[in-house]
Amino acid sequence: MRLILSFAALFLSVILLQLSAGGVGPLDAISGLTLGFSKEEIGLLGSAHFLGFFVGCWWAPRLMGTVGHSRAFAVCTALGAMGLIGHTLTEAPLAWAAMRIASGLSVAGCYTVIEAWMNAKVTNGNRGRTMGTYRLADLIASLAAQLMIAVLPPASYVSYNLLALLCCAALLPLTLTRASQPATPAAPRLRPGLAWRCSPLAVVGVIVAAIGAASFRMVGPIYGTEVGLELNQIAFFLAAFVLGGALAQYPVGWLADKFDRRWVLIWLSGAAILACGLTVMISGYSTEATMLMAGLFGLSAFPVFSVSSAHANDFATSEERVELAAALMFFYALGAIAAPYVSSVLIGSFGPKALFAFIALGHLALIVFGLSRMRSRPTPEERTNYVYAPRTSFTIGRLTKGERENR
């Protein structure tokens with residue numbers, strides 16, 4: 001309890017931030033449909049968010065080094081609130097896309113500050129418990145953010161201002177805490193080639209993970225509307241994906257530590273393809289079954305990033321782990337930038353089923369590439385721990401490094 005209380009300000013900021021940032025994606029998609037945006041324009045909003053996220057991941061450590069943790073966090077939350085409030089001033093899709101860049105940058109910047117602050121405060125003795133609480137707070141808030149869509153009216157001044165208030169509220173716990181600011185760590189170098197050298201399969205895996213997660217969460221509301229789901233049902237549809245991913249972490253982690261991680265990736269992708277196919281087959285027939293399939297999809301697709309990351313770390317040295325995490329996040333961001341727009345174009349051309357066909361095609365490519373990589377080199381005899389790796393910032397590698405090496 002003392003441990004949780006000592007990090008209470010950080011965890012509360014995470015919850016408020018996730019409620020705000022996690023809600024804007026599906027709200028934008030539903031609001032765009034209400035305002036008559038094209039499917040491609042709605043997909044562009046999701047891609048713009050991840051473009052801002054990528055820029056924020058690179059820029060935030062440097063901003064933090066210049067002005068300190070608290071001021072950097074204030075800058076990033078201000079950008080997020082401005083982006084949300086700006087939605088109420090215009091109904092131009094390109095203007096909304098620019099505002100989503102600001103919101104993506106805000107998320108990356110805030111998580112960078114929070115994780116850098118946590119890393120400076122944790123010790124080897126409490127790292128596991130701290131990270132467990134941090135992940136739990138983040139996942140619960142993410143789940144709640146999806147459910148909020150059921151009660152937020154689309155294209156509404158009230159909805160966007162409520163999210164802006166939550167974003168501003170995230171500023172209070174961190175800036176009012178009496179805890180002293182830690183020293184600012186050096187920003188990790190961005191070396192994409194390091195990830196490819198350690199594991200080409202891991203690079204492909206995180207890109208496929210980005211295709212699935214970004215497409216589903218940013219364009220999923222379009223799919224839900226096209227197949228006849230009500231607003232509250234779309235909220236549960238999105239929440240089922242997050243819940244499935246949360247429930248998968250322990251059993252998938254056990255499998256990834258016990259068996260060849262390449263086989264785990266292949267079987268996860270096979271299950272994701274099955275979930276995609278079943279979701280398409282039953283859409284329009286049973287709402288409950290559609291929710292169940294969304295949960296199965298999250299169960300199979302959500303852990304792909306963490307398993308890929310664990311596989312890459314098996315081939316990295318201790319000194320490379322922080323930069324490897326940043327490199328994998330770089331490839332994830334690239335996939336997430338492209339996926340929402342591509343999937344929205346496909347839905348516009350071929351109908352809602354194209355969303356899951358696109359995701360299934362990505363997982364099929366991962367299976368083929370995984371099988372080919374298994375012939376290239378053996379599994380290392382000494383492996384790192386499986387760690388659930390949140391896709392939050394380039395600095396997450398500092399927090400997870402100790403957990404991976406605790407064998």
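Of the residues making up region 38-52, those that are of a type outside the set (Gly, Ala, Ser) and open to solvent by less than 10 Å² (accessible area, probe 1.4 Å) are 42, 45. No other residue among 327, 333, 339, 312 is open to solvent by less than 10 Å² (accessible area, probe 1.4 Å), farther than 30 Å from residue 233 by Cβ and at pLDDT 90 or above apart from 333. The residue pairs whose first member lies in region 39-55 and is closer than 25 Å to residue 112 by Cβ and without any contact (Cβ under 8 Å) to a residue 60 or more places away in the chain, whose second member is part of a helix (DSSP H, G or I) and among the charged types (D, E, K, R), and whose beta carbons are closer than 8 Å, counting only pairs six or more residues apart or on different chains, are 48/100; 52/100.
Does residue 371 count as in a helix (DSSP H, G or I) and either over 19 Å from residue 261 (Cα atoms) or open to solvent by less than 10 Å² (accessible area, probe 1.4 Å) (or both)? So residue 371 fails the test. Applying the criterion of being open to solvent by 30 Å² or more (accessible area, probe 1.4 Å) and modelled with pLDDT of 85 or more to the residues of region 278-288, the residue that is farthest from residue 238 (Cα to Cα) is 281.
For every residue, the table says whether it meets (1) closer than 12 Å to residue 25 by Cβ; (2) of a type in the set (Phe, Trp, Tyr).
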site: 196; (1), (2): no, yes
site: 211; (1), (2): no, no
site: 219; (1), (2): yes, no
site: 229; (1), (2): no, no
site: 240; (1), (2): no, no
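The sole residue among 256, 246 that is hydrophobic (A, V, I, L, M, F, W, C) and open to solvent by less than 10 Å² (accessible area, probe 1.4 Å) is 256. Output the qualifying pairs, or none if there are none: Cβ atoms under 7 angstrom, residues six or more apart or on different chains, first residue in region 343-370 and more than 21 Å from residue 226 (Cα to Cα), second residue of a type in the set (Gly, Ala, Ser) and assigned to a helix (DSSP H, G or I). What qualifies is 362/212; 363/269; 363/272; 366/205; 366/269; 367/269; 367/270.
Answer yes or no: is there a residue in region 310-322 that is touching a residue at least 60 places away in the same chain (Cβ under 8 Å), within 18 Å of residue 49 (Cα to Cα) and in contact with a helix residue (DSSP H, G or I) (Cβ under 8 Å, 6 or more places away or on another chain). There is no residue in region 310-322 that is touching a residue at least 60 places away in the same chain (Cβ under 8 Å), within 18 Å of residue 49 (Cα to Cα) and in contact with a helix residue (DSSP H, G or I) (Cβ under 8 Å, 6 or more places away or on another chain). For region 343-364, the condition of being under 21 Å from residue 251 (Cα atoms), surrounded by 24 or more Cβ atoms within 10 Å (Cβ to Cβ) and not charged (D, E, K, R) holds for at least one residue.
Looking at this structure, is residue 68 within 29 Å of residue 341 (Cβ to Cβ) and among the small types (Gly, Ala, Ser)? No; evaluated as a whole, the condition is false for this residue. Residue-level check: of (1) farther than 28 Å from residue 226 by Cα; (2) open to solvent by less than 50 Å² (accessible area, probe 1.4 Å); (3) over 19 Å from the mean Cα position of the chain (by Cα), residue 56 misses just (3).
Could you grab me the full set of residues in region 371-391 that are within 26 Å of residue 212 (Cα to Cα) and touching a residue at least 12 places away in the same chain (Cβ under 8 Å)? Answer for region 371-391, where residues must be within 26 Å of residue 212 (Cα to Cα) and touching a residue at least 12 places away in the same chain (Cβ under 8 Å): 371, 373, 374, 384, 385, 386, 387, 388, 389, 390, 391.
Taken over region 116-143, the residue count meeting the criterion of being aliphatic (A, V, I, L, M), open to solvent by less than 40 Å² (accessible area, probe 1.4 Å) and within 26 Å of residue 29 (Cα to Cα) is 3. With respect to the conditions (1) outside any helix (DSSP H, G or I); (2) within 23 Å of residue 203 (Cα to Cα); (3) of a type outside the set (A, V, I, L, M, F, W, C), residue 285 falls short on a single one, namely (2). Looking across region 67-115, just one residue is touching a His at 6+ places or on another chain (Cβ under 9 Å), open to solvent by 30 Å² or more (accessible area, probe 1.4 Å) and either under 13 Å from residue 55 (Cβ atoms) or outside any helix (DSSP H, G or I) (or both), and that is 101. When the test is whether a residue is of a type in the set (A, V, I, L, M, F, W, C) and either within 19 Å of residue 221 (Cβ to Cβ) or touching an Asp or Glu at 6+ places or on another chain (Cβ under 9 Å) (or both), residue 75 does not pass it. Evaluate region 376-383: report whether one residue or more is open to solvent by 50 Å² or more (accessible area, probe 1.4 Å) and farther than 30 Å from residue 400 by Cβ. Within region 376-383 (the criterion being open to solvent by 50 Å² or more (accessible area, probe 1.4 Å) and farther than 30 Å from residue 400 by Cβ), the answer is no, since none of the residues qualifies.
The values are calculated or read from the model by the stated rules, or taken from the named source; none is laboratory data. Please read all numbers here as calculations on a predicted model, not as lab measurements. Neighbour counts are summed over all protein chains in view; Cβ atoms, including those assigned to glycine, are modelled from backbone coordinates with ideal geometry. Quick note on the areas: whole protein, heavy atoms, side chains included, nothing else; ligands and nucleic acids left out. Shrake-Rupley method; radii C 1.70, N 1.55, O 1.52, S 1.80 Å.
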